[in-house]
Amino acid sequence: MKKAIVILALFLVAVSCTRHKPKPATNEVAETQSTQRTALIVHLHGEVLVKRGGVPDWVKATQGMKLGANDKVRTHRESFATIKFDTGGLMRLEPDSLMAITDLLFENRSKINRSTFSLEKGRVETELQAMGGKKSALKIKTPSAVTTLTPREVAFQ
């Protein structure tokens with residue numbers, strides 16, 4: 001009898017440990033998730049380096065190199081890099097600049113492509129006209145200002 005009670009108790013413990021919250025409906029998951037996007041170095045001149053997120057070493061950038069969130073790009077004197085977004089926009093990182101890619105996301109719920117960059121040093125030029133057909137939000141943070149460009153607004157802080 002004791003053996004039966006112990007087995008029953010172990011069975012109940014095992015069943016209670018395997019219970020889990022029900023998964024949300026598939027469309028609920030899709031609404032809350034974001035998809036990581038990438039950018040591509042389409043042109044470079046001079047010495048351009050890339051530091052991958054979570055990796056301590058800088059590597060020489062190459063044309064066609066994919067970039068993602070948490071990557072950094074550095075241009076040296078008399079060097080530049082042109083980066084193309086998967087949404088079609090372009091960014092030119094000017095000589096003697098350092099930029100970190102904070103986010104490149106497609107938000108499933110809002111259907112917006114969000115791109116956030118931290119310009120730690122130097123200058124960037126961005127061509128937004130190429131992004132026009134898609135919902136996009138671009139944010140560039142600098143040590144002294146934040147610029148946000150969305151389909152309906154331009155904000156400087």
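The values are calculated or read from the model by the stated rules, or taken from the named source; none is laboratory data. No experiment lies behind these values; they were computed from the predicted model shown. Here the Cβ positions follow ideal geometry from the backbone for every residue, glycine too, while neighbour counts run over all protein chains shown. Just the protein is used for accessible areas: all its heavy atoms, side chains included, with ligands, DNA and RNA removed. Shrake-Rupley method; radii C 1.70, N 1.55, O 1.52, S 1.80 Å.
Has segment 86-94 got at least one residue that is assigned to a strand (DSSP E or B), modelled with pLDDT under 90 and within 19 Å of the chain's Cα centre (by Cα)?
Scanning segment 86-94, I find at least one residue that is assigned to a strand (DSSP E or B), modelled with pLDDT under 90 and within 19 Å of the chain's Cα centre (by Cα), so the answer is yes.
Quick one: GLY132 ticks every box in (1) modelled with pLDDT of 85 or more; (2) farther than 14 Å from ARG37 by Cα except a single one, so which number is it?
Condition not satisfied by GLY132: (1).
Please determine, by comparing only the residues of segment 140-157 that are surrounded by 15 or more Cβ atoms within 10 Å (Cβ to Cβ) and modelled with pLDDT of 85 or more, which one is nearest to ARG37 (Cα to Cα).
Among those residues, the one meeting the criterion is ILE140.
From the list GLU120, GLU78, which residue is open to solvent by 80 Å² or more (accessible area, probe 1.4 Å), at pLDDT 85 or above, over 26 Å from GLN33 (Cβ atoms) and part of a strand (DSSP E or B)? Don't jump to the end; show me each part of the working.
Values: GLU78 fails: part of a strand (DSSP E or B).
Criteria check complete, one pass: GLU120.
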